[in-house]
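J.: Starting off with a structure, shown below.
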């Protein structure tokens, strides 16, 4: 089924990094915010690498958490044909435009969650954005085995390092 992304990008003039998923899952679309599935460990993982408690799992709390930490958020795809939440089922992907966001912020690095998001961004959006994406392992419930491996959190710590590098 062809779906259009349901919400605008989250950012403000203080945003220093951009984190992108592929496309919101059915659960995230119902909840109204990125990584809304209760078993997705995105918000606890991000909070851990930032040394903070995780936000409440509701739209205004996660949005405030991201912006307070100078993090912009969105997804790689504006539209696609997708079956449920399976990135593997994506067909006819259409990338979002990122240059307008980058012009209005101080974003110097773009992180993507999962291999599909990284590959699609670098194929469809990198030229328009003027930068490539930095891969982070997926926090989806479907990626539990990789999340248990050594190195998962170390890769996610790149976010804290990028934010530190931008503020000195």
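The values are calculated or read from the model by the stated rules, or taken from the named source; none is laboratory data. Here the structure is a predicted model, which is why all the values come from computation and not from measurement. Don't worry about glycine lacking a Cβ; one is built from the backbone with ideal geometry, like all the others, and counts go over all protein chains shown.
J.: Would you mention how many residues in the range 60-81 are touching a residue at least 12 places away in the same chain (Cβ under 8 Å), out of contact with any strand residue (DSSP E or B) (no Cβ under 6 Å at 6 or more places or on another chain) and more than 13 Å from residue 11 (Cβ to Cβ)?
T.: Qualifying residue count, the range 60-81: 2.
J.: On to the next question. Assess whether residue 18 counts as being in contact (Cβ under 8 Å) with a residue 12 or more places away in the chain and either in a helix (DSSP H, G or I) or in contact with a strand residue (DSSP E or B) (Cβ under 6 Å, 6 or more places away or on another chain) (or both).
T.: Yes.
J.: Another question, if that's okay. Would you mind listing the strands (runs of 3 or more DSSP E) fully within the range 47-163 where at least 2 residues are surrounded by fewer than 18 Cβ atoms within 10 Å (Cβ to Cβ)?
T.: 77-81, 91-95
J.: Looking at (1) in a loop (DSSP other than H, G, I, E, B); (2) at pLDDT 95 or above; (3) surrounded by fewer than 23 Cβ atoms within 10 Å (Cβ to Cβ); (4) in contact with a helix residue (DSSP H, G or I) (Cβ under 9 Å, 6 or more places away or on another chain), which is the only condition residue 43 fails?
T.: (1)
J.: Additional query: So which residues in the range 114-128 are in contact (Cβ under 8 Å) with a residue 40 or more places away in the chain, in contact with a helix residue (DSSP H, G or I) (Cβ under 7 Å, 6 or more places away or on another chain) and at negative phi?
T.: Passing the criteria: only 116.
J.: Can you tell me how many residues within the range 30-40 are part of a helix (DSSP H, G or I) and either at pLDDT 95 or above or loosely packed, with under 15 Cβ neighbours inside 10 Å (or both)?
T.: Matching residues across the range 30-40 total 1.
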